[in-house]
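**Q** Structure below; questions to follow.
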Amino acid sequence: MHIHRQERIWMTIGLAMLVVFAAFITTAAVVDGFVPPSHVQSIDPTKVSETPPFDKPGLRKVANGEYEAYYVARIFSFTPAEIDVPLGSRVTFYVTSADVEHGFSIPETGVNTMVTPGWVSQVSHTFTKPGTYLLVCNEYCGAGHQLMSAKVEVR
Ligand code: CUA
């Protein structure tokens, strides 16, 4: 089969770029120990329900107007299913998965992170508007993905 010379040049450049990119990714992952963004703590995904604080998911007050919310994502729900946040509070969400990759998103707040088994995702938000916020899974995780949601009540 005849391959045109210019085509061969471009194929070589394309392949060379793939090799270079793969080398960058591998170096970053292995040498620099990169982990998924916002995922700072690791956890054994098979022992989520026995690992504090995820053995008792929920909202905890850490100071006036400061809260931490611990969430476990599993097909096809979030625990806790509902939290009550006083208006004006800053909430730091800590989320992990007991099974597969999930999403954790509260539209119109900037809270949006992937939830990867083995890692704890962390994201903060200050709730300055009262209302019922819908918390949704925005990573396709299986047949019941569209049912996977929870509520954040701000008042
Ligand atoms: Cu969990 Cu989609």
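**Q** List the GluC sites (Glu not before Pro) within region 74-123 that DSSP assigns to loop and that have no more than 16 neighbouring Cβ atoms inside 10 Å.
**A** Values: sites: 82, 101, 108; in loops: 101, 108.
Taking region 74-123 and a limit of 16 other Cβ atoms within 10 Å, the loop GluC sites (Glu not before Pro) found are 101, 108.
**Q** Run lengths n ≥ 4 of DSSP H only: what is the helix-derived mean residue ellipticity at 222 nm for the chain, with -39500 (n - 2.57) per run over all residues, to the nearest 500? Show your work: numbers first, answer last.
**A** On the way: 1 runs with 26 residues, N = 155.
The per-residue figure over the chain is -6000 deg cm²/dmol.
**Q** Can you give me the % of accessible surface on the chain that is carbon or sulfur? Probe 1.4 Å, all protein chains present, nothing else counted.
**A** 61
**Q** Another question, if that's okay. Determine the per residue accessible area of the chain with all protein chains present and a 1.4 angstrom probe, expressed in square angstrom.
**A** 60
**Q** Related question: Can you spot the aspartates and glutamates whose alpha carbon is less than 15 Å from residue 56's alpha carbon? Ignore those fewer than 8 places along the same chain.
**A** Qualifying aspartates and glutamates at Cα under 15 Å: 68, 82.
**Q** Using the alpha-carbon atoms, what tilt in degrees (0 to 90, nearest 10) does helix 5-30 show relative to the longest principal axis of the chain?
**A** 40
**Q** Which of the aspartates and glutamates could be linked to residue 61 by a straight reach, that is with a Cα gap under 13 Å, when you skip same-chain ones fewer than 8 residues away?
**A** Within the straight-line cut-off, residue 61 pairs with 84.
**Q** Mind running the shape call on region 20-92? Use the C-alpha gyration tensor, a ≥ b ≥ c as the square roots of the eigenvalues: rounded below 1.5 for a/c, prolate if a/b tops b/c, oblate otherwise.
**A** Note, shape of region 20-92 comes out prolate.
**Q** Once you sort the root eigenvalues of the Cα gyration tensor of the chain as a ≥ b ≥ c, which label holds: rounded (a/c under 1.5), prolate (a/b larger than b/c) or oblate (the other case)?
**A** Prolate shape, in that a/c is at least 1.5 and a/b is the bigger ratio.
**Q** Could you give the length gained on full extension between residue 47 and residue 31, defined as 0.36 nm per residue of separation minus the Cα-Cα distance, in nm?
**A** Roughly 2.9 nm would be gained on extension.
**Q** What percent does the relative contact order of the chain come to when contacts are Cα pairs within less than 8 Å and at least six residues apart?
**A** 22
**Q** Pick from 21, 78, 127: which residue has the top mean-square fluctuation in a GNM of the chain where Cα pairs under 10 Å get a spring?
**A** Maximum among the listed residues: 21.
**Q** Compute, for the chain, the length of the dipole vector about the Cα centre, with Cβ point charges of +1 (Lys, Arg) and -1 (Asp, Glu) only. Units Debye, rounded to 20.
**A** So the dipole magnitude of the chain works out to roughly 220 debye.
The values are calculated or read from the model by the stated rules, or taken from the named source; none is laboratory data. Predicted model only: the values in this text are computed from it and were never measured. Every residue, glycine as well, gets a Cβ built from its backbone with ideal geometry; the counts of neighbours run over all protein chains shown. Accessible surface is based on the protein model in full, side chains and every heavy atom, while ligands, DNA and RNA are left aside. Shrake-Rupley method; radii C 1.70, N 1.55, O 1.52, S 1.80 Å.
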